[in-house]
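What follows is a short report on a single structure.
The values are calculated or read from the model by the stated rules, or taken from the named source; none is laboratory data. A quick note: this is a predicted structure, and the numbers were derived from the prediction, not measured. Glycine gets a Cβ as well: all are built from the backbone with ideal geometry, and neighbour counts include every protein chain shown. These area figures cover heavy atoms from the full protein model, side chains too; ligands, DNA and RNA do not enter into them. Shrake-Rupley method; radii C 1.70, N 1.55, O 1.52, S 1.80 Å.
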Amino acid sequence: MKQQLIQRLSAYVQVDTQSNMDSETCPSTPGQLTLAGMLVEELKSIGMEEVTMDANGYVMATLPSNTDKEVPTIGFMAHLDTATDFTGKGVKPQVVDPYDGGDIVLNPGQQIVLSPKDFPALANYVGHTLVTTDGTTLLGADNKAGIAEIMTAMDTLLRHPEIKHGRVRVAFTPDEEIGRGPHRFDVAAFDASYAYTVDGGPLGELQYESFNAARALVTCKGKIVHPGTAKGKMVNSAKIAMDFNGKLPAQEAPEHTEGYEGFFHLISMQGDVEETKLHYLIRDFDKTSFHNRKLLMQHIATQLEAQYGEGRVTVEIHDQYFNMREKIEPVRHIVDIAHEAMTSLGIEPVLEPIRGGTDGSQLSYMGLPTPNVFTGGENYHGRYEFVSADNMVKATNVVIEIIKRFEQRA
């Protein structure tokens, strides 16, 4: 199984599927359609049924039930796209087998090293087979490891009909990294009672809580005048923007928060004297605190307008997704089943909130409760990304065990 997973992952990551926030198409980039087409052919080749791909790149397929019991249909999902944070073009996966606990030279020419000095968690992987980057791109194990694990689980079940299971649906979806994954997902066509995204990180992660999330655009308007005669006339929008950011609580930023702590994240700014734009992410697990964060940004804008003049500061806030715990708690048994599956395989479940979002955040509010399980990777979205093939095997077995336990409970 380990070699199957490495081969699948290595093939998938070489397709450039990096999504693009600025694109209005679905999927946002053509490479996602290329990978989707590859997966359609692979699903057919291993014997999956009802294999479909729609015009937007959503791939679905069915593993038919092989039991007489009435078992609820469950689904497993992973996303096609890779993150926008770092280039995903020309990925050259490297296999380290076995990892000896020392530095991994990703790129000798550029002296790029994956070191336990910088990433102490590498100590957990001594003796494992690791798949890494060559240091010049991300790897794309987020979420192509999840795709490989779901595909390998389906392949295994099809080759072992003695393992009894109900009807299983799988889906591979576009544009998760830019928050659009569920936007055109047909929940009715997927036809599952519950689903799991296989989109987590290190071994044992089991997540059913996510941030409440919004994106904010702050626009500061200035007035340009020749600096030599600007006294009493010039209004510098860049300085208004600095003032705005300075009024946000400095410790409530990603680099200072963890666990259940929320934050304001300034992700980019562009501007000059005449106009400056600030782009923020707003995140909080508590719905009331989330609401208060949005109110604070509006309040700061009002304060600055009183100081600099009406119309100088505007704030546009758009909600992105909400904490999926609210929708999963009523069907908590789906988390319990995943927990039991892990413990039965000797894996210690790590129940922790997702400090981010998965497709499950939105899908749970669309009527498909969808917790998240681990894939086995770390350092996602950058050149130091890696995944343990040994833990990919464990993730695949967790998928199979969840499927078995639904049948056993019926």
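In terms of overall dimensions, the C-alpha atoms belonging to the range 137-287 reach 85, 34, 29 Å along their principal axes, ordered largest to smallest. To the nearest 10 square angstrom, how much accessible area does Met21 have with a 1.4 angstrom probe? For Met21, solvent-accessible area is about 80 Å². Gyration tensor analysis over the Cα atoms of the chain returns equivalent ellipsoid semi-axes of 41, 25, 20 Å (largest first, whole Å). Could you pull out every one of the lysines with an alpha carbon less than 27 Å from that of Lys247, ignoring same-chain neighbours closer than 8 positions? Correct list for Lys247: Lys221, Lys223, Lys231, Lys233, Lys239, Lys277, Lys287, Lys294. Residues Ser364, Ser45, Ser289 ordered from highest to lowest accessible area at a 1.4 Å probe: Ser45, Ser289, Ser364.
Amide H contacts under 5 Å for Phe76: Arg169, Val170, Ala171, Tyr196, restricted to partners 5 or more places along the chain or on a different chain, H placed in the peptide plane at 1.01 Å from N.
A cut-off under 12 angstrom between Cβ atoms defines the neighbours of Ile317, and their net charge, with Lys, Arg +1 and Asp, Glu -1, is +1. Computed on protein heavy atoms with a 1.4 Å probe, the accessible areas place Lys223, Lys89 in the order Lys89, Lys223, largest first. The range 177-197 and the range 323-394 have Cα centres lying 15 Å from one another.
Across q = 0.18, 0.25, 0.31 Å⁻¹, the range 106-158 modelled as identical point scatterers on its alpha-carbon atoms has Debye log10 I(q)/I(0) values of -0.79, -1.07, -1.16, in the order of the q list.
Using the empirical formula 2.2 N^0.38 Å as the baseline, the Cα radius of gyration of the range 306-410 reaches a ratio of 1.50. Each principal axis of the Cα cloud of the range 40-149 was taken in turn, and the coordinate range along them, longest first, works out to 55, 33, 23 Å.
Near Val350, the amide H atoms lying under 5 Å from its own belong to Glu205, Leu206; only residues 5 or more places off or on other chains count, and H is placed 1.01 Å from N. Packing here is the average count of other Cβ atoms within 10 Å per residue, and on that basis the peptides 77-84, 295-302, 375-382, highest first, run 77-84, 375-382, 295-302. For Ala253, the residues whose modelled amide H falls within less than 5 Å of its own, excluding neighbours fewer than 5 places apart on the same chain, are Phe264. Of all lysines in the structure, those lying under 17 Å Cα to Cα from Lys404, and not within fewer than 8 positions of it along the same chain, are Lys69, Lys164, Lys394.
Rounded to the nearest 20, the size of the Cβ-charge dipole of the range 1-153 about its Cα centre is 360 debye, with Lys and Arg at +1 and Asp and Glu at -1. Coupling constants for the range 167-175 follow from the phi torsions by the Karplus curve (6.51 cos²θ - 1.76 cosθ + 1.60, θ = phi - 60°), and in residue order they are 6, 10, 10, 10, 8, 10, 10, x, 6 Hz; glycine and proline get x.
By the Cα gyration tensor, the range 212-314 has an equivalent ellipsoid whose semi-axes, rounded to whole angstrom, run 29, 13, 10 from largest to smallest.
Kirkwood radius for the range 135-203, taken over all pairs of different Cα atoms as the inverse mean of 1/r, rounds to 14.2 Å. What the phi angles of the range 267-276 give under the Karplus curve with 6.51, -1.76 and 1.60, with θ = phi - 60°, is a coupling list of 8, 6, 8, 9, x, 8, 4, 6, 8, 9 Hz, glycine and proline written as x. The range 238-261 and the range 44-88 have Cα centres spaced 40 Å apart. For Ile267, the shell of other residues with beta-carbons less than 11 Å away shows a net charge of 0, using +1 for Lys and Arg and -1 for Asp and Glu. Within a straight-line Cα-Cα reach of under 16 Å, Lys92 can be paired with the following lysines, leaving aside sequence neighbours fewer than 8 residues apart in one chain: Lys144. Take the Cα of Leu345, step 7 Å toward its Cβ, do the same at Thr314, and the gap between the two points is 5.1 nm. In terms of accessible area, using a 1.4 Å probe and ignoring ligands and nucleic acids, Cys220, Cys26 rank largest first as Cys26, Cys220.
Where both bridge residues fall in the chain, DSSP classifies roughly 75% of the beta bridges as antiparallel.
All distinct Cα pairs of the range 1-69 go into the 1/r average, and the inverse of that average, the Kirkwood radius, is 13.7 Å. Ellipticity at 222 nm from helices only: DSSP H runs of n ≥ 4 in the chain, each -39500 (n - 2.57), divided by the residue count, give -9500 deg cm²/dmol. Backbone geometry of the range 360-372 corresponds, through the Karplus equation with coefficients 6.51, -1.76 and 1.60 at θ = phi - 60°, to 3J(HN,Hα) couplings of x, 4, 7, 4, 4, 7, 9, x, 10, x, 9, x, 10 Hz, x marking Gly and Pro.
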